[in-house]
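Before I ask anything, here is the structure I am working with.
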Amino acid sequence: MTTTPVALVTGASRGLGRGIAVRCARLGWNVAIHYQGNQAAACETQNLCAAAAPNGGAVFPLVQGNLAVAADRQALFDATLQALGRLDALVNNAGMAPRVRADLTEAGEESYDEVMGVNLKGPYFLSQLAARHWLRHPGECGLPGGYKLVFVTSISADTASVNRGEYCLSKAGLAMAAQLWAARLANEGVQVFEVRPGIMATDMTAGVRGKYDALIAGGLVPQRRWGQPEDVGECVAAILAGQFPFSTGQVLHVDGGFHLRTL
């Protein structure tokens, strides 16, 4: 079995997940790159990881699956272990917005079920697979502070958007999932963190770029810029590298100060 640390990053084909995967590769880690359907984009991430790696020995296998489906979660988890021999960190990043933004009075159950399945059910039960594996292999993690479990949520966890209620609910639930797993695993050699990004420049926000350009310029984000995938990647890398040795369950805001309450 390799002693090189291994991270599984979900939703790593694009956006924030790609930023996280590439930053992990720069640490010299092996990274399992999860994607649901866009294999071409996942291959782009794979190539970027290979270019970022400080040595030629790291590997970046692609693992495919729909996180909302139990059989797919098990298959991608098993594929990670088969390809890389171990798992030191799980970064639950994958998520989706509603396919159609609809007012609360019009939103349908089909959209609700899809978003909740991918954004909340999937990472909750994928974390269960990781936790069970780690509990069977205590003390085998090569990382400072032990195994790492990271949930990438959103400012939507506590900021209401009435035209995408299912998304807000999923992220609020995921924030609680981070608290639950942190409480359960704190004495088991597993650190758990929630990373809460703000307004990020990704495919998900491409359609509302003009709206948020104006809001950011007007001070909605105190640092007055868009967040980038690299910003989230740096935060996750600090967690995985053991920079918070006496912490678990923390919410780390990557939002340019959006969460600040000011008069």
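Residues of region 187-215 being loosely packed, with under 15 Cβ neighbours inside 10 Å and either of a type in the set (Ser, Thr, Tyr) or within 20 Å of Gly145 (Cβ to Cβ) (or both), which ones?
Initial filter on region 187-215 (loosely packed, with under 15 Cβ neighbours inside 10 Å): 187-188, 203, 206-211, 213-215.
Hits for region 187-215 are Asn187, Glu188.
Moving to a separate point now. Restricted to region 91-115, and to residues that are without any contact (Cβ under 8 Å) to a residue 12 or more places away in the chain and loosely packed, with under 13 Cβ neighbours inside 10 Å, which residue is nearest to Gln64 (Cα to Cα)? Before you say what the answer is, go through the steps one by one.
As a first pass, look at region 91-115 and keep what is without any contact (Cβ under 8 Å) to a residue 12 or more places away in the chain: 100, 105-106, 108-110, 113.
Restricting the remaining residues to those that are loosely packed, with under 13 Cβ neighbours inside 10 Å gives 100, 105-106, 108-110.
Numbers: Val100: 25, Thr105: 35, Glu106: 33, Gly108: 28, Glu109: 26, Glu110: 23 Å.
Filtering region 91-115 for residues that are without any contact (Cβ under 8 Å) to a residue 12 or more places away in the chain and loosely packed, with under 13 Cβ neighbours inside 10 Å, the one nearest to Gln64 (Cα to Cα) comes out as Glu110.
Also: Considering only residues of region 154-179 that are in contact with a strand residue (DSSP E or B) (Cβ under 9 Å, 6 or more places away or on another chain) and among the hydrophobic types (A, V, I, L, M, F, W, C), which is surrounded by the most Cβ atoms within 10 Å (Cβ to Cβ)?
Per the criteria, the residue is Ala178.
Report the residue count in region 201-230 for those that are outside any helix (DSSP H, G or I) and either touching a Cys at 6+ places or on another chain (Cβ under 8 Å) or closer than 20 Å to His253 by Cα (or both).
The initial filter retains those residues of region 201-230 that are outside any helix (DSSP H, G or I), namely 201-202, 218-228.
So of that shortlist, the ones also either touching a Cys at 6+ places or on another chain (Cβ under 8 Å) or closer than 20 Å to His253 by Cα (or both) come out as 201-202, 219-228.
Residues meeting the conditions: 12.
Would you say Ala32 is at pLDDT 95 or above and either surrounded by fewer than 22 Cβ atoms within 10 Å (Cβ to Cβ) or in a loop (DSSP other than H, G, I, E, B) (or both)?
no
Out of the residues in region 38-71 that are free of Cβ contacts under 8 Å to residues at least 24 places away in the same chain and touching a strand residue (DSSP E or B) at 6+ places or on another chain (Cβ under 8 Å), state the one that is surrounded by the fewest Cβ atoms within 10 Å (Cβ to Cβ).
Cys43
How about region 172-198: which of its residues are aliphatic (A, V, I, L, M) and either part of a helix (DSSP H, G or I) or within 15 Å of the chain's Cα centre (by Cα) (or both)?
Of everything in region 172-198, those that are aliphatic (A, V, I, L, M) and either part of a helix (DSSP H, G or I) or within 15 Å of the chain's Cα centre (by Cα) (or both) turn out to be Ala172, Leu174, Ala175, Met176, Ala177, Ala178, Leu180, Ala182, Ala183, Leu185, Val192, Val195.
So Val162 clears everything in (1) modelled with pLDDT of 95 or more; (2) out of contact with any Asp or Glu (no Cβ under 7 Å at 6 or more places or on another chain); (3) not in a helix (DSSP H, G or I) except one condition, right? Which one?
Evaluating Val162 over (1) modelled with pLDDT of 95 or more; (2) out of contact with any Asp or Glu (no Cβ under 7 Å at 6 or more places or on another chain); (3) not in a helix (DSSP H, G or I) leaves (2) as the failure.
Here is a follow-up. Tally the residues that are closer than 24 Å to Ala25 by Cα and either in contact (Cβ under 8 Å) with a residue 60 or more places away in the chain or surrounded by 20 or more Cβ atoms within 10 Å (Cβ to Cβ) (or both), restricting the search to region 216-250.
Residues flagged as closer than 24 Å to Ala25 by Cα and either in contact (Cβ under 8 Å) with a residue 60 or more places away in the chain or surrounded by 20 or more Cβ atoms within 10 Å (Cβ to Cβ) (or both) within region 216-250 amount to 18.
The values are calculated or read from the model by the stated rules, or taken from the named source; none is laboratory data. These numbers were taken from a predicted model, which means no experiment stands behind them. Every residue, glycine as well, gets a Cβ built from its backbone with ideal geometry; the counts of neighbours run over all protein chains shown.
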